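Please read the structure below before turning to the comments.
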Amino acid sequence: MQLRVLGCSGGIGGSLRTTSFLIDSDILLDAGTGVGDLSIEQLLGIDHIFITHSHLDHIACIPLLADTVLGLRDKPVNVHATVETWQIISEHIFNWKVWPDFTVIPNPDQPILAWKEIRLGQTVMLGNRRITPVPANHVVPAVGFHLEGERSSLIFSGDTTICDALWAYANCTGNLQYLLIETAFSNDEAEMAKLSKHLCPALLLDELAKLEHSPQVFITHLKPGEGDIIMQEIVSGAPAGMRIQALDHGHIFEL
Ligand SMILES: [Zn+2]
Ligand SMILES: [Zn+2]
């Protein structure tokens, strides 16, 4: 199982792309603006999209992908989301006002998008790849994901603030090699981080202290223009020996 970072920034501009990962060649994990870098052939190969939550920076490319591959595929793209997240997207995106309802286009029996319900802790098996929604705590209903390949596993927090349930899950996980976790704001913006249910370096370090494993930690969702200060605050406060770095777009994980 290979995970490639298409985007991991909190915003856009220049080479920055918002949250999106490609698993092998057929699965997207979130579908932020990084998906726009894929070729049409690559877009046609996407059979599944797993989404953490309904915020635009994580779903922006789903409506455009549906429109692009419509008529070029003979089976739907499965969108795996919790019932709460799917309700929001249906009501606010695929409502014929912002974008057509691609779950009934070209016809309701063979639509180009098909919703698949996911639930916390319930693993979706795709071949020998295991994808499990894990707890997150954000301003809208949200999950993270635990990815398990044949060799190792990875947890991606999605957008979250303090979340004890995530660490309870992670601490029961064997073979956890990588943790991808957000830190959207600097310590100066701690109040904003709390209000918007994200993390700042101080909150992140409190959260990491709850983890009983020592995976390699990668930071995502850095606010554009503040990446250096956020990473400086994290690294200077991190315990000695903790392997922690900013995630870069293009990074490849082999699981
Ligand atoms: Zn969000
Ligand atoms: Zn976000």
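The values are calculated or read from the model by the stated rules, or taken from the named source; none is laboratory data. Worth saying up front: this structure is predicted, and the values here are computed from it rather than measured. Glycine also receives a Cβ, built like all others from the backbone with ideal geometry; neighbour counts cover every protein chain displayed. Note: areas computed on protein heavy atoms with side chains; ligands, DNA, RNA excluded. Shrake-Rupley method; radii C 1.70, N 1.55, O 1.52, S 1.80 Å.
Can you find a residue in segment 46-55 that is open to solvent by 30 Å² or more (accessible area, probe 1.4 Å), closer than 25 Å to L120 by Cα and within 16 Å of ligand 2 (Cβ to nearest atom)? Yes, segment 46-55 contains at least one residue that is open to solvent by 30 Å² or more (accessible area, probe 1.4 Å), closer than 25 Å to L120 by Cα and within 16 Å of ligand 2 (Cβ to nearest atom).
Every residue, every condition in (1) outside any helix (DSSP H, G or I); (2) within 15 Å of ligand 2 (Cβ to nearest atom); (3) open to solvent by less than 50 Å² (accessible area, probe 1.4 Å), yes or no:
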residue	(1), (2), (3)
R4	yes, no, no
G11	yes, yes, yes
F21	yes, yes, yes
G36	no, no, no
E41	no, no, no
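When the residues of segment 13-54 are filtered to those that are within 15 Å of ligand 1 (Cβ to nearest atom) and among the aliphatic types (A, V, I, L, M), the one that is nearest to K197 (Cα to Cα) is I51.
For the subset of segment 129-162 comprising residues that are more than 19 Å from E84 (Cα to Cα) and within 16 Å of ligand 1 (Cβ to nearest atom), which member is nearest to the chain's Cα centre (by Cα)? Let's see the steps before the verdict.
Narrowing segment 129-162 to residues more than 19 Å from E84 (Cα to Cα): 129-130, 146-156, 162.
Those still in the list that are within 16 Å of ligand 1 (Cβ to nearest atom) too: 156, 162.
Details: F156: 7, I162: 17 Å.
Step by step, filter segment 129-162, then rank; the result is F156.
Against the list (1) more than 16 Å from ligand 1 (Cβ to nearest atom); (2) open to solvent by less than 10 Å² (accessible area, probe 1.4 Å), the condition A165 fails is (2). Please specify each residue of segment 56-74 satisfying the condition of being in contact with a strand residue (DSSP E or B) (Cβ under 9 Å, 6 or more places away or on another chain) and either among the charged types (D, E, K, R) or within 16 Å of ligand 1 (Cβ to nearest atom) (or both). If the condition is that a residue be in contact with a strand residue (DSSP E or B) (Cβ under 9 Å, 6 or more places away or on another chain) and either among the charged types (D, E, K, R) or within 16 Å of ligand 1 (Cβ to nearest atom) (or both), then L56, D57, H58, I59, A60, C61, I62 are the ones that fit.
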